[in-house]
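Read through the structure below, which is laid out as structure tokens, and then see the notes.
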Amino acid sequence: MDIYLVGGAVRDRLLGRPHQERDFVVVGATPDELLALGYRPVGKDFPVFLHPDTGEQYALARTERKTGPGYYGFATRFSPDVTLEEDLARRDLTVNAMAQSASGEIVDPHGGMRDLEARVLRHVSPAFVEDPLRVLRVARFAARFAPLGFAVAPETLALMREIAAGGELEALVPERIWVETERALGEGRPVAYFEVLRACGALAVVFPEVAALFGVPQPEKWHPEVDTGVHTLQVLEVAAELSPDTTVRFAALVHDVGKGLTPRSEWPRHIGHEEAGANLIERLAARLKVPNEHRELAVMVARHHARVHRVGEQRPGTVLELLESTDAFRRGERFERFLLACEADARGRGPELRARPYPQAAQLRAARAAAASVRLDPAVIARDQGPVIAERMRAARIEAIRSLNQA
């Protein structure tokens, strides 16, 4: 048998990038031979084994044939006579279709090294259209490698449009869409993921709530960029600069989706978009099986971001209500992520506002600290009952915030 390092590890090594996982293809072997060597089987649809010492994945060389719609509609053939070149031919992009032998020789039948040099994400073959998940994968790779200057090849984008127009994306299971999206949100330039999806027509299929924002105007006084979709991507870009946390980035992405529901007759105003957006996010999260941590922060940001922007104009009691509504006293870490997403919204409004300070975050942090430091006299607690104690605590916290504003 011959064993080759394949896929992302080869690509990243040639780019000089670190890689955490290594995958191997085994050519000329049978499952029984690997089992006899102590490899542990883990694959269900095709033979994948874990190395007995390193735990790394070793897959038998295989080919795939389209048999039905969606990501799982494939028949797999594995045999000792399947060549390395046949195995590489089933992969999505040329930069992912290279292998390295044990001696260090690069096997590159599809021009992956050429495309690495040219900074191009290009499909391997016309069979690319057989797997709709590749639309999301290419967009995710664009998000990862955009900082290095990579772009999707025009002919590959054309095939992605063909997939989106053909309805194949609708066969993807929601969990799979979210897995690719969350990974893209964690990449170096997550905005590229959504830009590529929109360019090929896929955004309207997998994220119609976000796609609906493009072309929706906002008041130019507050939004010099005007277009809500453009604003959304700018906010995501700022959020990516502020935090690597995908919950912050997801909240930034969907914070204004309620504006896509505003009747055209009411443009460019969007009265009540905060609550409408919070409800829409709940439905989006249910559809894509978005984790609770992402959903909760996104709903909170959609519902309360405008209140944070105006915190300097609010009464102490109103500030305390905001802190209570965001559970700031019990969940301080989430509150910090909430403030980051709100800051991204305030600064994601054109290049002239990108670098402006956001004092509202510091004001709310100070108000939270002042209110949290309040302690009632033990004698009062012993004398009064629950509702009275709660009201006294609330009054004391309001006074603490008021004193902070007067200092």
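None of the figures in this text is laboratory data; all of them are computed from the coordinates on show. The shown structure was predicted, so the numbers you read here are calculated from the model rather than taken from an experiment. Note that we place each Cβ from the backbone using ideal geometry, even for glycine, and neighbour counts take in every protein chain shown.
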Percent RCO, i.e. relative contact order, over the chain, from Cα pairs under 8 Å lying at least 6 residues apart: 10 percent
field: Rg/Rg_globular for region 154-285, with Rg_globular taken as 2.2 N^0.38 Å and Rg from C-alpha atoms
entry: 1.06
task: Relative to the compact-globule scaling 2.2 N^0.38 Å, provide the ratio for the alpha-carbon radius of gyration of region 119-206.
output: 0.97
- line: About its Cα centre, the chain carries a charge dipole, from +1 on Lys and Arg Cβ atoms and -1 on Asp and Glu Cβ atoms, whose size in debye to the nearest 20 is 1480 debye
- prompt: At Asp23 and Glu352, where each label point lies 7 Å from the Cα along Cα→Cβ, what is the point-to-point distance in nanometres?
  reply: 4.8 nm
task: Figure the gain on full extension for Glu336 and Arg375 (residue separation times 0.36 nm, minus the Cα-Cα span) and round it to one decimal in nm.
output: 11.7 nm
statement: Asserting the computed 222 nm helical MRE of the chain (DSSP H runs at least 4 long, -39500 (n - 2.57) per run, divided by residue count, to nearest 500) equals -15500 deg cm²/dmol
query: Which order do Cys342, Cys200 fall in if you start with the one that has the fewest other Cβ atoms within 10 Å?
result: Cys200, Cys342
task: Could you line up Asp81, Asp327 from fewest to most neighbouring Cβ atoms inside 10 Å?
output: Asp81, Asp327
- prompt: Along the charge dipole of the chain, Cβ charges K/R +1 and D/E -1, which of Val257, Thr318, Leu169 sits furthest on the positive end?
  reply: Thr318
query: If you put +1 on each Lys and Arg Cβ and -1 on each Asp and Glu Cβ, how big is the dipole of region 119-206 around its Cα centre, in Debye rounded to 20?
result: 380 debye
- line: With x for Gly and Pro, the residue-by-residue ³J(HN,Hα) of region 288-302, computed from phi through the Karplus equation 6.51 cos²θ - 1.76 cosθ + 1.60 at θ = phi - 60° and given in whole Hz, is 9, 6, 5, x, 4, 4, 5, 4, 4, 5, 4, 4, 4, 5, 4
Most positive-pole-ward Cα, Val27, Pro80, Val6, against dipole of region 1-109 from beta carbon charges: Val6
- prompt: Between region 129-160 and region 322-369, how many Å separate their Cα centres?
  reply: 34 Å
statement: Of the convex hull drawn through the C-alpha atoms of the chain, the volume per residue in Å³ is 190 Å³
